[in-house]
Amino acid sequence: MTTSRQARPEDEATARELAAALGVPFEPRARSIERWIATGALEAVLVVNRENLVLWVGRPAGREELRPERLFFHPSTSVQRVKALLQGGTDPMVAAMDLRPGMTVLDATLGMGSDAIVSAFSVGPEGRVVGLESVRELAVLVRWGMARYPGPTRPVEESMRRVQVVHADHAAFLAATPQASFDVVYFDPMFREPVAQSSAMAPWRLLADPRPVSPEVIALARRVARRRVVLKERKGSPVFGELGAHRVEGRRSGRVAYGVWEA
Ligand SMILES: C[S@@+](CC[C@H](N)C(=O)[O-])C[C@H]1O[C@@H](n2cnc3c(N)ncnc32)[C@H](O)[C@@H]1O
């Protein structure tokens, strides 16, 4: 954990606080991050700067073809999706989850949190969205972003602030959660075969938890969900059949589909 070179005292305080919470060492910034990472001694470096928290991800062992990548929080596609909903449009994820104001959602694969922001917008201030992320560094990055990333529009900012980020493995979290605790439990695991166009997700794939959702996890989720469990996958994926989805929804033209289980 470090800061940018032009860090203000408050940035250094934030970095020290985050480092303590994460149990990782804080080092004052003395050299270039690229060179630091190139030593191979570090897996990742978190950098606090004025506007953002940036995660530099090193090369995993045996993947020398990859370059160190920078990752930072961004509300990404949620901005367009919230705008479309405000203009009276529909969103296939919101439709599959059948979200309405006041509902509670457990987003069990938070990732960058775009889906969770759209859920938070749809359930409104009376609803609740809890997002689970099993990779600690990603959870820290997204928790920072949800709490502090500015805008870009008021509805998106207000929705981000309401997403509660929890660093947890969803199987363990679901097993420890009382039955019928959330209206909807949502999964968007890493696709088995990445969708070609989503190269923006490439750095994410270096760190993300690649485990698929198992039938046992779906069973745990159906116990915790009051209404339904929804899983996003590539359209036509055998996963829906393997996990016994009750039905599959989605836009006819879309590249992804949503498996739905009634609780
Ligand atoms: C495809 S991404 C989710 C993208 C997200 N829906 C969005 O809109 O940005 C999947 C994320 O789930 C996380 N993940 C995978 N398995 C998990 C588990 N068992 N518990 C919690 N998080 C998990 C991965 O680390 C990854 O960040």
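Read the figures in this text as sums done on the coordinates, not as results from a lab. What you see is a predicted model, and the numbers here were worked out from it, not measured in a lab. Backbone-built Cβ (ideal geometry, glycine too); neighbour counts: all protein chains shown.
Things to note:
- Each distinct pair of alpha carbons in segment 78-262 adds a 1/r term; the inverse of their mean, the Kirkwood radius, is 16.4 Å.
- In this simple spin-label model, placing a label point 7 Å from the Cα along the Cα-to-Cβ direction at both residue 50 and residue 161 gives a separation of 2.3 nm.
- Net charge of neighbours whose Cβ lies under 10 Å from the Cβ of residue 186, counting Lys and Arg as +1 and Asp and Glu as -1: -1
- Multiplying the residue separation of residue 98 and residue 235 by 0.36 nm and subtracting their alpha-carbon distance yields 47.4 nm.
- Over the chain: helical MRE at 222 nm, DSSP H runs n ≥ 4 each giving -39500 (n - 2.57), nearest 500: -9500 deg cm²/dmol
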